[in-house]
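Trainee: Before I ask anything, here is the structure I am working with.
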Amino acid sequence: MKRFGVVRCLATVAVASLTLTACGSTASSNGSDGAASGKKRTLGVSFDLLNAIRQAEKSSIQKAAEAAGYSVIFNVADQDAQKQASQIQDLIQTKKVDAVIVIAQDGQQIASSASLAKARNVPFLAIDRSVADQQNITFQITGDPVADGKAVAAEFIAAAKTTPLKVLELVGGLTDQNAIGRRDGFNAAVAGQPNITVVSQVPTDWNPTQALDGTSNALQKDPTINAIYVPSDFLLPSVQSALTAAGRLAPIGDPKHVFMVTIDGDQNGCKAMQAKTLDADIATPVDEFGKQAIAAVTTALGGRPVDPKTVQAKGLTLNQANFATTSSQVWGCAS
């Protein structure tokens with residue numbers, strides 16, 4: 001998403017244990033890392049964009065790579081799938097990196113880059129966003145978007161026990177499985193709930209301007225909206241601006257308060273939690289992405305298969321009830 005020295009929330013992360021060689025110890029004894037081979041290995045990293053969560057993900061990769069003895073070449077595609085493909089081609093063919101780690105701008109179009117990497121025997125790893133071409137990737141670690149959507153729904157269901165909710169639901173970019181999963185998990189969980197009505201769905205394409213305009217229009221059209229589902233903290237400032245303009249940005253306990261839950265756990269989300277204008281945030285396990293990706297690189301460069309090949313890490317629910325004791329585990333609150 002859109003999509004950092006970081007302390008991360010590993011406490012409740014439900015991640016399948018990887019049987020990978022530890023980056024800094026046994027890898028060096030068998031010559032699979034840069035230090036032991038006499039040649040420092042270089043990793044190429046390509047991100048779709050660079051926002052708060054991407055900064056945290058970048059830092060998690062750099063921290064783990066440094067510990068493993070790798071150097072990193074980092075590129076940003078500025079939300080341009082063709083630019084990302086060109087960058088990855090340059091990393092593989094010109095800079096001759098030893099492995100590639102990507103956050104795909106488009107999970108379908110990234111397939112050609114994965115194919116190129118496989119043809120050149122370069123391990124290709126995806127983090128954060130799932131990619132369509134599972135056959136040609138070496139390893140993938142993402143959040144669990146459906147589970148995260150259901151975790152958001154659980155907060156709405158709990159709140160609706162005392163107050164019926166008329167919900168404005170924002171939807172992220174539909175080329176992103178995170179957006180689709182977060183939408184579908186939420187909708188499946190609230191379906192049939194008598195006190196929850198989704199009165200409007202606003203497509204945003206992960207664009208803050210679209211989120212601002214869509215939220216403003218929805219609030220004007222239906223002033224009875226009293227709850228908003230924001231699928232990423234990346235869009236939270238836009239939603240807050242729309243609420244402020246409508247005279248509706250108010251803390252919990254104020255009659256004007258709009259019940260609101262987001263996903264990611266970035267600095268904006270943590271500040272809103274502290275100000276009590278945000279009711280809950282499902283925090284993404286950013287540090288786990290970098291650590292497991294680098295462990296998988298070490299395994300692959302050592303000539304061993306990476307098992308499991310795909311991992312999903314569930315987010316940590318941060319709400320007003322546990323904020324004081326749990327916020328230190330959330331990357332955006334601790335940074």
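Trainee: Skip the ligands, DNA and RNA, and give the accessible area per residue of region 122-177 with a 1.4 Å probe, whole Å².
Mentor: On the way: 1790 Å² over 56 residues.
Per residue, region 122-177 has an accessible area of 32 Å².
Trainee: Separation of region 194-235 and region 97-156 by C-alpha centroid, Å?
Mentor: Centre-to-centre distance over Cα atoms comes out at 28 Å.
Trainee: Which net charge results for the neighbourhood of E155, defined as the other residues with beta-carbon distances under 11 angstrom from its beta-carbon, given Lys and Arg at +1 and Asp and Glu at -1? List each step's numbers first, then the result.
Mentor: Working: positive: K150; negative: D279, D281.
Within the 11 Å Cβ shell, the charges total -1.
Trainee: Ok, one more. Give me a comma-separated list of calculated 3J(HN,Hα) values for region 170-179, in order, Karplus coefficients 6.51, -1.76, 1.60 applied at θ = phi - 60°, integers in Hz, x for any Gly or Pro.
Mentor: Coupling constants for region 170-179: 8, 10, x, x, 7, 8, 10, 5, 4, 5 Hz.
Trainee: Report, for region 214-335, the % of DSSP beta bridges that are antiparallel, rounded to 5.
Mentor: On the way: 4 of 12 bridges.
Restricted to region 214-335, the bridges split so that about 35 percent are antiparallel.
Trainee: What is the sum of charges, Lys and Arg at +1 and Asp and Glu at -1, for the other residues whose Cβ falls under 12 Å from the Cβ of F124?
Mentor: +1
Trainee: Relative to the compact-globule scaling 2.2 N^0.38 Å, provide the ratio for the alpha-carbon radius of gyration of region 93-229.
Mentor: It is 1.33.
Trainee: A follow-up question, please. Hey, what's the Kirkwood Rh for region 253-333 if you take every pair of different alpha carbons, in angstrom?
Mentor: Details: mean 1/r = 0.0694 Å⁻¹.
For region 253-333, inverting the mean 1/r across all distinct Cα pairs yields 14.4 Å.
Trainee: Given 20 °C and 1.002 mPa s, how large is the Stokes-Einstein diffusion coefficient of the chain in µm²/s, with Rh as the Kirkwood radius over Cα pairs?
Mentor: Taking Rh from Cα pairs, D becomes 105 µm²/s.
Trainee: When the helix-only estimate is applied to the chain (DSSP H runs of n ≥ 4, each -39,500 (n - 2.57), divided by the residue count), what is the mean residue ellipticity at 222 nm, nearest 500 deg cm²/dmol?
Mentor: -11500 deg cm²/dmol
Trainee: Can you run phi through the Karplus equation (6.51, -1.76, 1.60; θ = phi - 60°) for region 189-206 and list ³J(HN,Hα) in whole Hz, with x for Gly and Pro?
Mentor: 3J(HN,Hα) across region 189-206, in whole Hz: 6, 8, 4, x, 6, x, 9, 10, 10, 7, 8, 7, 10, 10, x, 10, 6, 6.
The values are calculated or read from the model by the stated rules, or taken from the named source; none is laboratory data. All of these numbers come straight from a predicted model, not from anything done at the bench. FYI the Cβ positions are ideal-geometry reconstructions off the backbone, even for glycines, and counts take in every protein chain you see. Keep in mind that these areas ignore ligands, DNA and RNA; they rest on the heavy atoms of the full protein, side chains included. Shrake-Rupley method; radii C 1.70, N 1.55, O 1.52, S 1.80 Å.
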